[in-house]
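Here's the structure we're looking at; comments come further down.
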Amino acid sequence: MRLMGASMDNSASVRLISLYRKRAKRYDWTTLLLYLAGFRHWAYRKRAIRFLGLNHCDTVVDLGCGTGLNFSLLQEQVGPRGKIIGVDLTDSMLDGASARIAAHGWSNVELVKSDAAVYVFPPAVDGILSTFALTLVPAFDEVVRNGAAALLPGKRFVILDFKRPSGWFMNKAAAVLAALLTGPFGGTIEMASRKPWLSIEKDLSLIQFTNLYLGGAYIAVGEKSPFPGQSRPL
């Protein structure tokens, strides 16, 4: 495991860093709140990671990796000869990820302390994953664009995140759900109105979009054309 550092200092980042520093030690337990609300985030994570279509020996970037909840699932896909790069803004969350890595004896994980908006992707990666993180990033459009440029042809960028449901009733319910589900993680209903999947459509081919939890969450799968310079039809 190798830890690197770089971050962008702005008010949004400072607020999130402060929040997650306070909650890092109990973050994994906090996710149980999602289950109490019927939100099966672990099953959603498994589905999102399957959509990456990874192979053994692949390199995958986990944006907003937090305490490394995705690492065991990613290890199953890339194997010990593959590589996982976990990127997160908060040192306390990365401390949790580092402890998880040590507990499992993984030697193929690199941790990077960075704001996703300024993170410099490796020049050629086999997959990019963001689970419940990209909605928190105001510059999500730039993140997707930079990630798309780094992907190898035929490889995928997968986003699992919250979104604002459509319809009057669901929008009212969403305000309550946003407070219950995303409040402990720094999310707001305004953030849930962001649409990173539209960035996927601009920079990659959106080959899969799945509504989850009555439209309150989604999985978006973008794939880079296997033929450089050409767009893959939907």
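Taking the conditions exactly as written (within 11 Å of the chain's Cα centre (by Cα), modelled with pLDDT under 95 and of a type outside the set (Gly, Ala, Ser)), does residue 157 satisfy them or not? Write out each step before concluding.
Values: within 11 Å of the chain's Cα centre (by Cα): yes; modelled with pLDDT under 95: no; of a type outside the set (Gly, Ala, Ser): yes.
Answer is no for this residue.
Return yes or no: is residue 107 at pLDDT 95 or above, buried (at least 21 other Cβ atoms within 10 Å of the Cβ) and out of contact with any helix residue (DSSP H, G or I) (no Cβ under 7 Å at 6 or more places or on another chain)? If you could, list the steps in order and put the result at the bottom.
Values: at pLDDT 95 or above: yes; buried (at least 21 other Cβ atoms within 10 Å of the Cβ): no; out of contact with any helix residue (DSSP H, G or I) (no Cβ under 7 Å at 6 or more places or on another chain): yes.
For residue 107, the condition - at pLDDT 95 or above, buried (at least 21 other Cβ atoms within 10 Å of the Cβ) and out of contact with any helix residue (DSSP H, G or I) (no Cβ under 7 Å at 6 or more places or on another chain) - is not met.
What number of residues within the stretch 204-216 satisfy the criterion of being open to solvent by 20 Å² or more (accessible area, probe 1.4 Å), modelled with pLDDT under 95 and either closer than 25 Å to residue 127 by Cβ or assigned to a loop (DSSP other than H, G, I, E, B) (or both)?
Number of matching residues: 2.
Of the residues that make up the stretch 75-86, is at least one open to solvent by 10 Å² or more (accessible area, probe 1.4 Å) and at pLDDT below 95? Break it down stepwise before answering.
Of the stretch 75-86, the ones open to solvent by 10 Å² or more (accessible area, probe 1.4 Å) are 75-77, 80-81, 83.
In the following step, the residues that additionally are at pLDDT below 95 were identified as none.
No, every residue in the stretch 75-86 fails to be open to solvent by 10 Å² or more (accessible area, probe 1.4 Å) and at pLDDT below 95.
Can you work out which of the residues in the stretch 110-153 that are in a helix (DSSP H, G or I) and open to solvent by 20 Å² or more (accessible area, probe 1.4 Å) is farthest from residue 196 (Cα to Cα)?
So in the stretch 110-153, the residues in a helix (DSSP H, G or I) come out as 134-136, 140-150.
Next, only the ones that are open to solvent by 20 Å² or more (accessible area, probe 1.4 Å) stay: 136, 140-142, 145-146, 149.
Working: 136: 11, 140: 6, 141: 7, 142: 10, 145: 11, 146: 13, 149: 16 Å.
Going through the qualifying residues, I end up with 149.
The values are calculated or read from the model by the stated rules, or taken from the named source; none is laboratory data. The structure displayed is predicted, hence computed values, not measured ones. All Cβ positions, even for glycine, are placed from backbone atoms using ideal geometry, and neighbour counts span all protein chains on display. The area values use the complete protein model at the heavy-atom level, side chains included, leaving out ligands, DNA and RNA. Shrake-Rupley method; radii C 1.70, N 1.55, O 1.52, S 1.80 Å.
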